[in-house]
Amino acid sequence: MAEEILESARRRVEKDPKLADFKVRAEGHELHLSKGAESFARLIPAEKAGYWRMEYFHNLERWEAIDFMGTLDECLDFLAHNIHYLFWNRG
């Protein structure tokens, strides 16, 4: 994982009030968004350069694919605007 991609994702998450409580970390080539010790979503590089696919941790039991693929910013926008993927974030 290129450090600049990780830092870009961190800056983007920090700027968004809906995502600001979450942390971004790299696990191999994936980006994981988490709160505390719990991951809620992961972004996985797609075959198309610069694009990502996403999965969310359904009921904190298993990873489930999200039917969306886009750039890093598009994926983070999608998560911020589809609050049901933040199901365990009760403010």
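The values are calculated or read from the model by the stated rules, or taken from the named source; none is laboratory data. What you are looking at is a predicted structure, and each value in this text was computed from that prediction instead of being measured. Don't worry about glycine lacking a Cβ; one is built from the backbone with ideal geometry, like all the others, and counts go over all protein chains shown. We work out accessible area using only protein heavy atoms, side chains counted, and drop any ligands, DNA or RNA first. Shrake-Rupley method; radii C 1.70, N 1.55, O 1.52, S 1.80 Å.
Scan segment 47-66 for residues that are within 14 Å of the chain's Cα centre (by Cα) and among the acidic types (Asp, Glu) and report the count.
Counting residues in segment 47-66 that are within 14 Å of the chain's Cα centre (by Cα) and among the acidic types (Asp, Glu) gives 2.
In the condition set (1) farther than 17 Å from Ala80 by Cβ; (2) open to solvent by 70 Å² or more (accessible area, probe 1.4 Å), Lys15 is compliant with all but (1).
Yes/no per residue for (1) open to solvent by 60 Å² or more (accessible area, probe 1.4 Å); (2) in a helix (DSSP H, G or I); (3) modelled with pLDDT under 90:
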| position | (1), (2), (3) |
| --- | --- |
| Asp21 | yes, no, yes |
| His32 | no, no, no |
| Ile44 | no, no, no |
| Arg53 | yes, no, no |
| Tyr85 | no, yes, yes |
| Trp88 | no, no, yes |
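The residue that is surrounded by the most Cβ atoms within 10 Å (Cβ to Cβ), counting only those in segment 1-12 that are of a type in the set (A, V, I, L, M, F, W, C), touching a residue at least 24 places away in the same chain (Cβ under 8 Å) and over 14 Å from Leu79 (Cα atoms), is Ile5.
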